[in-house]
Amino acid sequence: MVQAIRRSLVSDEVFRVLCEDILSGTYEQGEKLPTQRRLAAELGVNMASVREAVKRLEQLRLVDVRHGDAMRVRDWRSDGGLDVIAHVLFRAGGLDKETLRSLLEARRLMLSEAARLAAERRSEDQARRLEELADRMAEKPDPESAQALDFAFMSELVEAAGNVVFVLILNSIRELYFSRAEIFRAVAADPAEIAPLYRRAARAVRAKAPGRAAGAVHDLAALQERRLTEALE
């Protein structure tokens, strides 16, 4: 068991190094990677760790591995999926602010449209849960709880929209959001001040007013976007 854990940790580090080299452009699209044997020698690790790391790169569609041929770097911008976001956002060991701006912009646009659809499609239970979550935000929760409530509200909103693609996108973001929770804490900072925006959105969904619901969520997401950007400057 200890040996398996150690190998896993080594494999994670090999994956991190290779992933960073690909996303940073050290290895360009179409370029051949060194052989697995050479990578193992250069990194001072065993072949098993390299194989595991390469398998993860292949799953992310960052490399193309063909039997009897060299490993080649793929274009992550055209071939990558949502699971690449976290690696791009935190490449070079820091926070890529341009990627963060893109992520927040996409969040605002998606949630606004989700609110519009939710107002048209929501069930009575969903409308009630949104109002309950908005009320809990007004109770001045601690920062961690406020952050969890914000995500719960947006998750409920997306579920009420009845769009499975929106649901899957939010699922992809969840792990990133909570694994680096401290970075995104400003999203729900000062809950007493932003609580009226949650209530406004919830009431618009309850009233089946798509335009009002979309406007309320747009205003809330835009405010969160500004707060987080300012907090990270």
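So which of Asp96, Asp125 is open to solvent by less than 50 Å² (accessible area, probe 1.4 Å) and charged (D, E, K, R)?
Within the list Asp96, Asp125, the selection yields Asp96.
Of the conditions (1) in contact (Cβ under 8 Å) with a residue 24 or more places away in the chain; (2) assigned to a loop (DSSP other than H, G, I, E, B); (3) open to solvent by less than 80 Å² (accessible area, probe 1.4 Å), Gln29 satisfies every one except a single condition; which number is it?
(3)
Please determine whether any residue of region 81-95 is of a type in the set (Lys, Arg) and touching a Phe, Trp or Tyr at 6+ places or on another chain (Cβ under 6 Å).
no
How many residues, within region 178-207, are in a helix (DSSP H, G or I), over 20 Å from Glu131 (Cα atoms) and either basic (Lys, Arg) or open to solvent by 60 Å² or more (accessible area, probe 1.4 Å) (or both)?
3
Does region 169-177 include one or more residues that are in a helix (DSSP H, G or I), open to solvent by 20 Å² or more (accessible area, probe 1.4 Å) and among the polar types (S, T, N, Q)?
Yes.
Considering only region 47-78, state which residues are surrounded by fewer than 14 Cβ atoms within 10 Å (Cβ to Cβ) and either over 28 Å from the mean Cα position of the chain (by Cα) or not in a helix (DSSP H, G or I) (or both).
Met47, Ala48, Arg66, His67, Gly68, Asp69, Ala70, Asp75
State all residues of region 94-104 that are under 14 Å from Glu20 (Cα atoms) and either touching a residue at least 40 places away in the same chain (Cβ under 8 Å) or in contact with a strand residue (DSSP E or B) (Cβ under 9 Å, 6 or more places away or on another chain) (or both); if no residue qualifies, say none.
Leu95
Which one of Arg108, Arg38 is part of a helix (DSSP H, G or I), out of contact with any Phe, Trp or Tyr (no Cβ under 7 Å at 6 or more places or on another chain) and open to solvent by 60 Å² or more (accessible area, probe 1.4 Å)?
Arg38
The values are calculated or read from the model by the stated rules, or taken from the named source; none is laboratory data. Keep in mind the model is a prediction, meaning the values are calculated, not measured. Heads up, the Cβs are rebuilt from the backbone with ideal geometry, glycines too, and the neighbour counts pull from every protein chain shown. To get the accessible areas, we keep the full protein, side chains included, count just its heavy atoms, and leave off ligands, DNA and RNA. Shrake-Rupley method; radii C 1.70, N 1.55, O 1.52, S 1.80 Å.
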